Amino acid sequence: MGRKNILMVAIAGAVIFLDQLTKVWILATLRVHEGFSVVDGLFNIVHVRNPGAAFGFLAGAPPLFRSIFFIAVTAVALLVIAQYLRKARVEERSLIGALALIVGGAVGNLVDRVRFGEVVDFLDVYVGAHHWPAFNVADSAISVGAVLLALILLGWRKDGAKG
């Protein structure tokens, strides 16, 4: 296994492990819709289930359709990422790291979809009555990976210069 594959597997594996470990803790600790405050007025831990995708996308669709759709989308995304990885040079650690974060997050949420037919979310960020949709470690990894990937594709470099 080459160095870039080792880096990919290590990062993606760490994301999957942390995502599933935190979800095991949530499942063992809280019933659905139970939670507690971590930082009053800003951050709670709350056990919620999301049958859809980001922001509840397709949450109201029939369960069989959702399962097939999300598994297919995840499979396509993983194939596209595998192509990017195949073409990446081992020196492109930022690119490999960004792709690994996305892979780890996608697989973490896919595990939930296969196990439960929905995703376990528990991070609740809010200001006053305005709540960001609850999310989890996998969602965070996907978001950070996507932002890093966008910056890389737009020409961002380590020294902050473009091009």
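Observations, loosely collected:
Yes/no matrix, rows are residues, columns are (1) more than 22 Å from Lys23 (Cα to Cα); (2) not in a loop (DSSP other than H, G, I, E, B):
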| position | (1), (2) |
| --- | --- |
| Glu91 | yes, no |
| Leu95 | yes, yes |
| Leu99 | yes, yes |
| Gly105 | no, yes |
| Val114 | no, yes |
| Leu123 | no, yes |
| Tyr126 | no, yes |
| Ala141 | no, yes |
| Ala150 | yes, yes |
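- Test: residue in the range 40-55 that is assigned to a helix (DSSP H, G or I) and farther than 13 Å from Asn109 by Cβ: yes
- Restricting Asn50, Asn44 to residues that are over 17 Å from the mean Cα position of the chain (by Cα) and either at pLDDT below 90 or surrounded by 12 or more Cβ atoms within 10 Å (Cβ to Cβ) (or both) narrows the list to Asn44.
- Filter result for the condition that a residue is touching a Gly at 6+ places or on another chain (Cβ under 6 Å) and under 23 Å from Ala10 (Cα atoms), over Ala106, Ala138, Ala75, Ala100: Ala138
- Of all residues making up the range 128-139, the number that are touching a Leu at 6+ places or on another chain (Cβ under 7 Å) and assigned to a strand (DSSP E or B): 1
- Ala59 vs. criteria modelled with pLDDT under 95 and of a type outside the set (Phe, Trp, Tyr): yes
- Inter-residue pairs, beta-carbon under 8 Å, first hydroxyl-bearing (Ser, Thr, Tyr) and in the range 80-94, second surrounded by fewer than 12 Cβ atoms within 10 Å (Cβ to Cβ) and outside any helix (DSSP H, G or I), 6+ apart: Ser94/Lys158
- Taking first residues from the range 141-163 that are more than 24 Å from Gly105 (Cα to Cα) and partners that are surrounded by 12 or more Cβ atoms within 10 Å (Cβ to Cβ) and modelled with pLDDT under 90, the Cβ contacts under 9 Å between residues at least 6 apart in sequence or on separate chains come to Lys162/Trp156.
The values are calculated or read from the model by the stated rules, or taken from the named source; none is laboratory data. In this text the structure is predicted, and so the values were computed from the model without any measurement. Every residue, glycine as well, gets a Cβ built from its backbone with ideal geometry; the counts of neighbours run over all protein chains shown.
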